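Student: Take a look at this one; I'll ask things after.
The values are calculated or read from the model by the stated rules, or taken from the named source; none is laboratory data. All figures in this text were calculated on a predicted structure; none of them were measured in a lab. Cβ atoms come from the backbone with ideal geometry, glycine included; neighbour counts cover every protein chain shown.
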Amino acid sequence: MSPTSELNPYAPYLAGQEPLPVLTATPGRLDALACGMTREQLDASPAPGKWSPREILAHLADCEVVFCFRLRQTLAAPVDLPHPVIQPFDQERWAQRYAAYDVPSALALFRAAREWNLRLLGGVSASEMERVTTHPERGTMTFRTIVETMAGHDINHLQQLEAIAKA
């Protein structure tokens, strides 16, 4: 495993693409995919132990909230003090609550949080992109790595949703 993929397990999905266009396009792509599926398709798991499209959308909404905090935590740390440690989470334990969430709510939260994050990213300087933080499970990384992780994560789940929609 390369150092990049250790810090960002979604780097292969990004495959050299710039992250901001991916991040900007994802809400519209999610809306289109969700609107193209029936309620039954949205609630059906594609295989045992796999999330349904509705659960994937809830997961994306949860993750965007997590990224909201991680991005801001990294930027807010004083440069002259030790860098922050960002909090990991157990996505499977969070997913145990996904039955409570519907598709419109997941899409609305994702869209709002993503817009908030894009506004933040629009004002980040080149030096701020190199700010350092540590993920306890992945190691020390830059703000840029978090942004690239977000985009690769988007692509991963968009591909899953596209495959389900085609099936």
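Student: Of the residues Thr140, Thr145, Thr134, which is touching a Leu at 6+ places or on another chain (Cβ under 6 Å) and among the β-branched types (Val, Ile, Thr)?
Tutor: Thr145
Student: Are there helices (runs of 4 or more DSSP H) fully within region 1-115 with at least 2 residues that are touching a residue at least 40 places away in the same chain (Cβ under 8 Å) and in contact with a Phe, Trp or Tyr (Cβ under 8 Å, 6 or more places away or on another chain)? List them.
Tutor: In region 1-115, 19-35, 53-76 are the helices (runs of 4 or more DSSP H) which contain 2 or more residues that are touching a residue at least 40 places away in the same chain (Cβ under 8 Å) and in contact with a Phe, Trp or Tyr (Cβ under 8 Å, 6 or more places away or on another chain).
Student: Could you identify the single residue in Ala106, Ala25 that is within 21 Å of Ile164 (Cα to Cα), at pLDDT 95 or above and surrounded by 15 or more Cβ atoms within 10 Å (Cβ to Cβ)?
Tutor: Ala106
Student: Out of region 141-167, which residues are of a type in the set (Gly, Ala, Ser) and surrounded by fewer than 23 Cβ atoms within 10 Å (Cβ to Cβ)?
Tutor: Gly152, Ala163, Ala165, Ala167, listed by residue number.
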